[in-house]
Amino acid sequence: MAAHSLLFTYLWIAPHVLLVALAVMMVRRKLVREFPSFFAYIVYEAVQFVVLYAMNRSAAISDHQYTVAWLLGNGGSVALRFAIVHEIFSKVFQSYPALKDFCTIVFRWATVILLLVGVVLVGWASGYETDRLTTAYTVVDRAVSIVQGGLLILILLLSRFFSFPWRSYVFGIALGVGFFGSVELGIIAIRTQIGVGVRAEFFDMLSMAAYHCCVLLWIVTLLLPERAETRVTSVPAHNLDHWNDALQRLLHQ
């Protein structure tokens, strides 16, 4: 077997094996209730890998059937990734109910818009069923990747701007999600410029390697002791409580 084939197989299998270990760690540390969407995503990805790997190894499964299963499975992954973003924002703003409610409203509308975009693209895209599903998945996946990429930047800016503490588990999860989303966007941009079919295997392996790093980061995050929250001694003029109170009044108008 060629070296690149061995590397491809490793990058496909290893992250999902690590996801199983990550799920066990979350259960043992009693973090399932604290991060239910993240845990659901981990379990879903591991189960999806087992199904797709079995289909890939089976001679009775055609390429078309595998592609459809892959698209449908990744559609579920996109939905859960979006749920993780919402979960992270909820954790960050859990001490500020109005901001938390505002983020919930924004994410609900964003979910509706993404679903509508996906349905419209499936209905109006030309070609066979697989082509239409691929078109819808690609657009929605890019939109969620943009949200993921912006997640890390936004939270870091808010953390710096408002000087509020946040926990290391949330930071590790957000960093992994944001990193993977940013790499995916970079790969998409490059492939759009040079052509989707050019060096496709290289970019697929690059994406898989980024995901591998993402999973490793999550594991390291859970292995390290969680940082204790520290109180802010000096509150800036742009206190987050003021934003929270103003938004609370706005939401109740």
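Every read-out reported here was derived from the displayed coordinates using simple, explicitly stated rules and does not represent laboratory data. Predicted model, so just to flag it, every value in this text is computed and none were measured. Glycine gets a Cβ as well: all are built from the backbone with ideal geometry, and neighbour counts include every protein chain shown.
With a Cα-only, solvent-free Debye model of region 9-80, what are the log10 I(q)/I(0) values at q = 0.12, 0.22 Å⁻¹?
-0.37, -0.98
Would you mind ranking W70, W109 by Cβ crowding within 10 Å, fewest neighbours first?
W109, W70
Please find the FRET efficiency linking I146 to R108, where r is the Cβ-Cβ separation and R0 is fixed at 30 Å, and quote it to the nearest 0.05.
0.95
Rank these for me by crowding, V50, V32, going from fewest to most other beta carbons within 10 Å.
Listed from fewest to most nearby Cβ atoms, that is V50, V32.
Taking the number of other C-beta atoms within 10 Å as the exposure measure, put K91, K30 in order starting with the fewest.
K30, K91
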